[in-house]
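Below: the structure, in structure tokens.
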Amino acid sequence: MTMKQTVLITGAAKRLGASIAYFLAKEGWEVVLHYNHSRDDAVKLSEKLKKEFHGREFPVIQGDLSNVDVVMSLIEKLPNSVESVQALVNNASIFDPGAIDETSPDFLREQMAVNFEAPFFLMQAFKNTFGKGSIVNMLDTKIGKNEGSHAAYLLAKKSLAELTRMAAISFAPEIRVNGVAPGPVLPPPRKSADYLQEVIDKTPLRRQVDTFDIAASVSFLLNNPSVTGQIVYCDSGSHLT
């Protein structure tokens, strides 16, 4: 891989996005770090990567992915130093609870906007702007189930999984499209480590998924030229139960 390979990662400032960014940077990718509210975290990560991996810029860009106008123009507004992007990782998401009978129109629109519409239009812009490369969509191990506690979120991720397979056909052969469905990696917002351990204990491997396990799955999909339309469940077997 050459130093000219560039990947745009949404939601790259912290948590899983930051781990993916570091992993790909270590492999030689130039990484464009997108954030919405976490500017300080994004800048800190960029500076860390610059110090460790000399000769690369690791530019930082801001964008509210709940705003479709911002999403549609995000790739157009990449820094001048970014001449081309070879890969897109749709990692940014919001995860808020709400059963079907509790979901308001505004809440549904917000969850769908960030978790499905933003990846949809970023994929569209990637294809129309660069014409070739690779896309990885971050999903959720629960896309194969019908748990109702986070109905709008899960419906958005289910839709994104179907879009992944649809785009793999529509964008071929120039662009490969795949997905990674993580399992118990980090405690969800407003949940404790004890909650996460309960989830881990119910998986076949009874093992917490490391963020770098997820990043390695993303790397595999970006680097394997013969794989498209696949969803890799990196979840300690959670999807089997």
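Read-outs throughout are calculated quantities, based only on the coordinates presented, and are distinct from any laboratory measurement. Everything numeric in this text was worked out from a predicted model, so none of it was measured. Cβ sites come from the backbone with ideal geometry, for glycine too, and all protein chains shown count toward neighbours.
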Summed residue charge, Cβ within 11 Å of A113's Cβ, Lys/Arg positive, Asp/Glu negative: -3
Alpha carbon centre of region 87-154 versus region 159-210: separation in Å? 12 Å
V209, V199, V68 arranged by Cβ crowding within 10 Å, fewest neighbours leading: V68, V199, V209
Here the relative contact order (percent) of the chain, from C-alpha pairs under 8 Å and at least 6 apart, is 19 percent
Where Lys and Arg each count +1 and Asp and Glu each count -1, what net charge lies around L240 among other residues with Cβ under 14 Å from its Cβ? +4
Beta bridge orientation in the chain: antiparallel %, DSSP, nearest 5: 0 percent
In the neighborhood of F171, defined by Cβ-to-Cβ distances under 13 Å, what is the net charge if each Lys or Arg adds +1 and each Asp or Glu adds -1? +3
Between the helical axis of 15-27 and the dominant principal axis of the chain, each derived from Cα atoms, what acute angle in degrees is found, rounded to the nearest 10? 40 degrees
Using +1 at the Cβ of each Lys and Arg and -1 at the Cβ of each Asp and Glu in the chain, identify which of T228, A152, L186 lies farthest towards the dipole's positive end. T228
Cβ-based exposure ranking for I94, I9, in which fewest neighbours within 10 Å come first: I94, I9
Along the charge dipole of region 1-121, Cβ charges K/R +1 and D/E -1, which of W29, Q86, S66 sits furthest on the positive end? W29
Would you mind putting 75-81, 141-147 in packing order, based on average other-beta-carbon counts within 10 Å, highest first? 141-147, 75-81
Here the Cα Rg-to-2.2 N^0.38 Å ratio for region 6-235 is 0.97
With the chain treated as a Gaussian network of Cα nodes joined by springs under 10 Å, which of A12, A193, A181 yields the largest mean-square fluctuation? A193
Cβ-based exposure ranking for H34, H239, in which fewest neighbours within 10 Å come first: H239, H34
Expressed in nanometres to one decimal, the distance between label points 7 Å along Cα→Cβ at E102 and R190 is 0.7 nm
To the nearest 0.05, how large is the calculated FRET efficiency for R109 and K77 if R₀ is 30 Å and r is the Cβ-Cβ distance? 0.80
Amide H partners (placed H, <5 Å) of H34, local residues excluded: I9, G11, A12, I61
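What's the FRET efficiency of D40 with L205 using the Cβ-Cβ distance as r and R₀ = 35 Å, to the nearest 0.05?
In this case the efficiency is close to 0.50.
Relative to the present Cα-Cα distance, how much length would full extension add between Q197 and K14 at 0.36 nm per residue of separation? Please list the in-between numbers first.
Values: separation 183, 0.36 × 183 = 65.88 nm, distance 2.14 nm.
Full extension from Q197 to K14 adds 63.7 nm.
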Go ahead and set up a Gaussian network model of the chain, Cα springs under 10 Å, then flag whichever of L154, L196, L33 fluctuates most. L196
In sequence order, what are the phi-derived ³J(HN,Hα) couplings for region 100-111 according to the Karplus relation 6.51 cos²θ - 1.76 cosθ + 1.60 with θ = phi - 60°, rounded to whole Hz, with x for glycine and proline? 4, 6, 9, 8, 8, x, 5, 5, 4, 4, 5, 5
Taking H placed 1.01 Å from N in the peptide plane, check which residues at least 5 places from Y233 or on another chain put their amide H under 5 Å from its amide H. A181
